[in-house]
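A short worksheet on the structure shown next.
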Amino acid sequence: MSSETGPVAVDPTLRRRIEPHEFEVFFDPRELRKETCLLYEINWGGRHSVWRHTSQNTSNHVEVNFLEKFTTERYFRPNTRCSITWFLSWSPCGECSRAITEFLSRHPYVTLFIYIARLYH
């Protein structure tokens, strides 16, 4: 994934850009790649700041990585409304679904929209 090309160099809110061929491999439902890719966008309250980023599985699933990183970011304020949109190459597993549910119950000011390319089974 590129961090120095395209809109990234101009727009600092684009933290990392997924390359077109990577997007196709991760999000084409005919491809059955075993790792998950998460593209996300965060809209913060009245500031209308948008953060975009991509991440892939590491030692944890991308959903858990996102939730842990999101709550430890210095910009996170639990009482500020924000809307998060996820684009996942696979739907969350049962364990990640529970973690997402717990996260949303602890953070009522966060709204999460999830779009998926393939169902995990």
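The values are calculated or read from the model by the stated rules, or taken from the named source; none is laboratory data. Since this is a predicted model, take the numbers as computed values, not measurements. A quick note on method: Cβ atoms are made from the backbone with ideal geometry, for glycine too, and the neighbour counts reach across all protein chains shown.
Tally up the residues in the range 72-103 that are more than 27 Å from K34 (Cβ to Cβ) and surrounded by fewer than 17 Cβ atoms within 10 Å (Cβ to Cβ), please. Going through the range 72-103 one residue at a time, the tally reaches 11. Of all the criteria given as (1) surrounded by fewer than 17 Cβ atoms within 10 Å (Cβ to Cβ); (2) modelled with pLDDT under 80; (3) not in a loop (DSSP other than H, G, I, E, B), the one not satisfied by E4 is (3). Within the range 72-94, being free of Cβ contacts under 8 Å to residues at least 24 places away in the same chain, of a type outside the set (G, A, S) and not in a loop (DSSP other than H, G, I, E, B) holds for one residue alone: T72.
Which of the residues belonging to the range 110-121 are surrounded by 12 or more Cβ atoms within 10 Å (Cβ to Cβ) and either of a type in the set (F, W, Y) or under 28 Å from L32 (Cβ atoms) (or both)?
Residues of the range 110-121 surrounded by 12 or more Cβ atoms within 10 Å (Cβ to Cβ): 110-112, 114, 116-118, 120.
Matches in the range 110-121: L112, I114, I116, A117, R118, Y120.
Between residues in the range 29-49 that are closer than 18 Å to E19 by Cα and residues that are of a type in the set (V, I, T) and modelled with pLDDT of 75 or more, which pairs lie under 8 Å by C-beta distance while being six or more apart or on different chains? Sorted first by the residue in the range 29-49, then by its partner, the pairs are T36/V62; C37/V62; L38/V62; Y40/I84; Y40/T85; E41/I84; E41/T85. Annotation: of all residues in the range 14-46 being closer than 19 Å to T71 by Cα and not in a loop (DSSP other than H, G, I, E, B), the one that is modelled with the lowest pLDDT is W44. The set of residues in the range 86-116 being at pLDDT 90 or above and of a type in the set (S, T, Y) consists of S91, S97, T101, S105, Y109, T111, Y115. The residue that is modelled with the highest pLDDT, counting only those in the range 47-59 that are loosely packed, with under 14 Cβ neighbours inside 10 Å and not in a strand (DSSP E or B), is S59.
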